[in-house]
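*Asks:* The structure's right below; bear with me while I get my questions together.
Every number here is computed from the coordinates shown, using simple stated rules; none is lab data. Please read these numbers as outputs of a predicted model, since none were measured by experiment.
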Amino acid sequence: MLRPLTFAEFYPSYLRDHQRRGTRVLHFIGTTLFLLAAAGAVVQLRPTLLLAGIVAAYGFAWIGHFFVEHNRPATFQHPWFSLRGDFKLYFELLRGREKF
């Protein structure tokens, strides 16, 4: 894929890299854990929880890519678009706009 110039150009390839149900479920779990850890870090004033949330989010996502989807996470080539895609897909799954 040519280097995307906008998120709108990137997102269709992001969805192609997240087609399998298992990958989407693992991403959803990881992102949920991150959000809970981030909230806990703020409420409890424990920044280490934020680090734990990041590790959980990427850990679950990368397991999905390597063992379920059998592809390489977009994080390595497009870190900011990939992060934005993770949250967009998360909330689309939550609202039922995308399917697990």
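*Asks:* Where does the chain land at 222 nm, in deg cm²/dmol rounded to the nearest 500, when only DSSP H runs of n ≥ 4 count, each adding -39500 (n - 2.57), divided by all residues?
*Replies:* So the helix-based figure for the chain works out to -23000 deg cm²/dmol.
*Asks:* Does anyone have the angle between helix 7-16 and the longest principal axis of the chain? Alpha-carbon axes, 0 to 90°, nearest 10?
*Replies:* Rounded to the nearest ten degrees, it is 90.
*Asks:* Specify the angular offset, from 0 to 90 degrees and rounded to the nearest 10, of the alpha carbon long axis of helix 47-63 from the longest principal axis of the alpha carbons in the chain.
*Replies:* For 47-63 against the chain, the angle is about 30 degrees.
*Asks:* On a 0 to 90° scale, report how tilted helix 79-95 is relative to the longest principal axis of the chain, with both axes built from alpha carbons and the result rounded to the nearest 10.
*Replies:* With both axes taken from Cα atoms, the answer is about 80 degrees.
*Asks:* Which label marks the calculated value of P(r) over Cα pairs in 5 Å bins from 0, in percent, given the options (i) 3, 14, 23, 24, 19, 11, 5, 2, 0; (ii) 3, 13, 25, 29, 20, 9, 2, 0; (iii) 2, 12, 16, 18, 17, 12, 9, 6, 4, 2, 1, 1, 0?
*Replies:* (i)
*Asks:* Just need the relative contact order of region 17-95 here, percent rounded to a whole number, with Cα pairs under 8 Å and 6+ apart.
*Replies:* 36
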